[in-house]
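*Asks:* So that we are looking at the same thing, I have put the structure below in structure tokens.
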Amino acid sequence: MKVKTILVSQPEPKVENSPYLQLVEKQKVKIDFRPFIHVEGVNAKEVRQQKIDLTKFTAIVLTSRNSVDHFFRIAEDMRFKVPDTMKYFCQSEAVAYYLQKYVVYRKRKIYVGKRTFQDLAPMVKKYKDEKFLLPSSDVLKREVPETLDGLGVDWKRAILYKTVISDLSDLRNVYYDILVFFSPSGIESLFKNFPDFKQNDTRIAVFGNTTVKAANEAGLRIDIQAPTPETPSMTMALEKYISEANKR
């Protein structure tokens, strides 16, 4: 069956030359974006209940833009002035770049990994005497605490925001040829919103091993998968599939 419409379960990219825009122009398909999950911050009272005292930490481990936003939000709510001596360990360049929203970059001690949390580990290990705070969501990849424990550093996790399922009830009678998922939470949201969902001719595209596992466990048929050696990005996987499907 030909592909004409795609729903991506994420916010629309804000970059001008998004690969999705190129896909729309090249393949003449319609792509809608709709977050199936969203993030809500926890309040200062809930943070105190976790026995988090921001004055006790000398370094912050930041794994995402959300972790940056919610650390500084909570610091402000708790009237904590983040000292200039604070060290920031950012998982990727994108996270480090985003940090400039809150701090003067050249005046701070900022250490940047390449992409994965494992890439950041050697830098954290160099500063074993620091007391690390890990601002996170209620959903955290196992490799993060396991890596920090393995390094033997003094660290504590602070749950500053939660992943919440979005209300998708307005999509009940809307049909798409392809649904695109990037996390197990997105799959969970689909079935929470539509418990009677039947896949039928809908193609399911998934990114990452944990999403593949969640889709299989939910009984979904996976038609498009990324990353693979041939298609390292979701847009590449979609383009390959659409080219073949629409040629038939």
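The values are calculated or read from the model by the stated rules, or taken from the named source; none is laboratory data. Computed from a predicted structure; not experimentally measured. All Cβ positions, glycine included, derive from the backbone under ideal geometry; neighbour counts span all protein chains shown. In case anyone asks, the SASA skips ligands and DNA or RNA and just uses the protein heavy atoms, side chains included. Shrake-Rupley method; radii C 1.70, N 1.55, O 1.52, S 1.80 Å.
*Asks:* Defining a contact as two alpha carbons under 8 Å apart and six or more residues distant in sequence, what relative contact order in percent does the chain show?
*Replies:* On the way: 401 pairs, mean separation 54.8, N = 248.
Computed value for the chain: 22 percent relative contact order.
*Asks:* Please tell me which of these pairs span more than 18 angstrom C-alpha to C-alpha: K81/K126; K101/K125; K56/K87?
*Replies:* Details: K81/K126 26 Å; K101/K125 27 Å; K56/K87 13 Å.
Pairs exceeding 18 Å: K81/K126; K101/K125.
*Asks:* Taking the square root of 5 times each eigenvalue of the Cα gyration tensor, what semi-axes in Å does the equivalent ellipsoid of the range 1-55 have, largest first?
*Replies:* Working: eigenvalues 332, 35, 8 Å².
The three semi-axes for the range 1-55 are 41, 13, 6 Å.
*Asks:* From the C-alpha coordinates alone, can you work out the Kirkwood hydrodynamic radius of the range 103-179, in Å?
*Replies:* 15.8 Å
*Asks:* Considering only protein heavy atoms, what per residue accessible area in square angstrom results for the chain with a 1.4 angstrom probe?
*Replies:* In whole numbers, the chain has 58 Å² accessible per residue.
*Asks:* Ok, one more. Using only the Cα atoms of the range 1-121, each taken as one equal point scatterer with no solvent, compute I(q) by the Debye sum, divide by I(0), and report log10 of the ratio at q = 0.13, 0.17, 0.19, 0.20 Å⁻¹.
*Replies:* -0.70, -0.97, -1.09, -1.15
*Asks:* Moving to a separate point now. Run the accessible area of the range 90-147 with a 1.4 Å probe and give the carbon-and-sulfur part as a rounded percent. Let's see the in-between values first.
*Replies:* Numbers: 1820 of 3740 Å².
Looking at the range 90-147 in its full context, I get 49 percent from C and S.
*Asks:* Enumerate by residue number the chymotrypsin sites (Phe, Trp or Tyr not before Pro) in the range 184-242 meeting two conditions: DSSP loop (anything except H, G, I, E, B), and at most 16 other Cβ atoms within 10 Å of the site's Cβ. Intermediate results must be reported in sequence, preceding the final value.
*Replies:* Working: sites: F191, F197, F207, Y241; in loops: F197.
Answer in residue order: F197.
*Asks:* Dipole magnitude of the range 167-248 about its Cα centre, charges +1 at Lys/Arg Cβ and -1 at Asp/Glu Cβ only, in debye to the nearest 20? Spell out each step's value before the answer.
*Replies:* Numbers: 9 positive and 11 negative charges, 33 e Å.
Around 160 debye, computed over the range 167-248.
*Asks:* What does the helix-only formula give at 222 nm for the chain: each DSSP H stretch with n ≥ 4 adding -39500 (n - 2.57), the total divided by the residues, and the result rounded to the nearest 500 deg cm²/dmol?
*Replies:* Values: 9 runs with 87 residues, N = 248.
Theoretical 222 nm ellipticity from helices: -10000 deg cm²/dmol.
*Asks:* Here is a further query. I want the antiparallel fraction of DSSP beta bridges within the chain, as a percent rounded to 5.
*Replies:* Expressed as a percentage, antiparallel bridges in the chain total about 15.
*Asks:* Whole-Hz ³J(HN,Hα) for each residue in the range 52-57, computed from phi via Karplus 6.51 cos²θ - 1.76 cosθ + 1.60 with θ = phi - 60°, x for glycine and proline: what do you get?
*Replies:* So the J values, rounded to whole Hz, are 9, 10, 4, 6, 8, 10.
*Asks:* So if I take the centroid of the Cα atoms in the range 25-69 and the same for the range 149-202, what is the distance between those two points in Å?
*Replies:* Taking the Cα centre of each part, the range 25-69 and the range 149-202 sit 15 Å apart.
*Asks:* What is the Å³ per residue value for the convex hull set by the Cα atoms of the chain?
*Replies:* About 149 Å³ per residue, rounded to a whole number.
*Asks:* Greater than 19 Å separation of Cα atoms is the criterion. Which listed pairs, K45/K192; K192/K213; K4/K247; K141/K162, meet it? Mind showing how you got there, number by number?
*Replies:* Values: K45/K192 29 Å; K192/K213 17 Å; K4/K247 13 Å; K141/K162 14 Å.
K45/K192, as the Cα separations exceed 19 Å there.
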